[in-house]
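The values are calculated or read from the model by the stated rules, or taken from the named source; none is laboratory data. For clarity, every value in this text was computed on a predicted model and none was experimentally measured. Methodologically, a virtual Cβ is constructed for each residue, glycine included, from the backbone with ideal geometry; neighbour enumeration extends over all protein chains shown.
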Amino acid sequence: MKIEIGESLLLSWLRHAKSCQLVQTNWKPSVSSWKFENEENIQNFMDDSKQFFIDRHNLQIYKANSLEQLIQQAEIDVLGISYAEGEQKFYAIDVAFHEAGLNYGSKEITTARVIKKCLRTAMCINGYFGHKEGEIIFASPKIYNNIMELLQPCVEDAMTILRRHGFNFRVRVIANDDFRIKILNPVLSSASFVADTSELFMRSIQMYNLFGSNKLGEVKEQQPKRTTRKVNVDSLDTDSTDEMKIGAFVRSTLVQMFRDKEVSRQEVDLMQTQQYSKDTFDLQYPLLRKATLSNGKKPPRYWANAVELYGSKYFICSEWYETAANNDRPYFLKWLKDKAKRKD
């Protein structure tokens, strides 16, 4: 079986940064077995979007394909579904890893192909799952500027034509530095607590970390003259952390900070109290719970795999939320920034 490293990376990203409970690589429709719903509306969308991109950008995004041919050729590199707060969110990703830079031909041909993939994905999600919203992502570590200059306005126009037909998909291109910051870094930061041997990209990172002098996923001090190492707080509320669900962000950050003893013994004691955890992090349970209290077994509402601090093992509370009524992210970011200020 052919293994694509880009697909393996994005599988881990959906599982650990986006908390998707269902993730599949190389998703293809079973056109002979599955019923394709909303066909008339999707056909109208295809006809309208075809003419739209000819008029706006002189791009033939579907060429001479019929809707049936277009759907038969469909494949989504990585498809994920996240279930939270009684709702489900779709993530559909096409990933292209070309060492010399994304290239399907000319910049016009390359742009047309990317837009076709994104719009076809929207058709598939609506036709086979009945959903009209979600994130559709084209990801590539290297896309040259001359292609991006044409591709970005086309992505914006793709969302315009989608909205015109009642779809609420967010279409995104994640490339170049954004690929590193928003996709690669969050996956690297999760490597220390993932033990699934089926995640080949993650396992390769873990193997490297067994022998590498500079472990991948560790956040390095950005100002080399400092003698103390700390998490780079300046970018925590943007960039890579925007792409991580609050639970994944908290867990990866705390595991690193505990490993590097960036939390004092005194604060470890406070983190085991409900009052401090409520006041500081808005948690309903103590942030840390000593493993000996449950004979080393994972208690409810705490993550598995206890961390070791000052000779004792602790479980970390997993009850982190990010909703309008209960948003824990600002509390955690404030705690990180307060710690950084005390070190300055």
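Helices (runs of 4 or more DSSP H) fully within the stretch 242-344 that include at least 3 residues being among the β-branched types (Val, Ile, Thr) and crowded, with 16+ Cβ neighbours inside 10 Å: 246-259.
When the stretch 118-150 is filtered for residues that are touching a Ser or Thr at 6+ places or on another chain (Cβ under 8 Å) and surrounded by fewer than 21 Cβ atoms within 10 Å (Cβ to Cβ), only Leu150 remains.
Mind checking whether some residue in the stretch 159-170 is of a type in the set (S, T, N, Q), surrounded by 21 or more Cβ atoms within 10 Å (Cβ to Cβ) and closer than 25 Å to Lys89 by Cβ?
no
Asn44 meets each of the listed conditions (1) surrounded by fewer than 14 Cβ atoms within 10 Å (Cβ to Cβ); (2) free of Cβ contacts under 8 Å to residues at least 12 places away in the same chain apart from (2). Among residues of the stretch 151-186 being in a strand (DSSP E or B) and out of contact with any Lys or Arg (no Cβ under 8 Å at 6 or more places or on another chain), the one that is farthest from Glu135 (Cα to Cα) is Val173. Arg289 passes every criterion in (1) in contact with a helix residue (DSSP H, G or I) (Cβ under 9 Å, 6 or more places away or on another chain); (2) modelled with pLDDT of 95 or more apart from (1). Considering the stretch 123-137, the residues that are free of Cβ contacts under 8 Å to residues at least 60 places away in the same chain and touching a helix residue (DSSP H, G or I) at 6+ places or on another chain (Cβ under 8 Å) include one that is nearest to Ser32 (Cα to Cα), namely His131. Which condition from (1) modelled with pLDDT of 80 or more; (2) crowded, with 16+ Cβ neighbours inside 10 Å; (3) among the charged types (D, E, K, R) is the one that Lys230 breaks? With respect to (1) modelled with pLDDT of 80 or more; (2) crowded, with 16+ Cβ neighbours inside 10 Å; (3) among the charged types (D, E, K, R), Lys230 is out only on (1).
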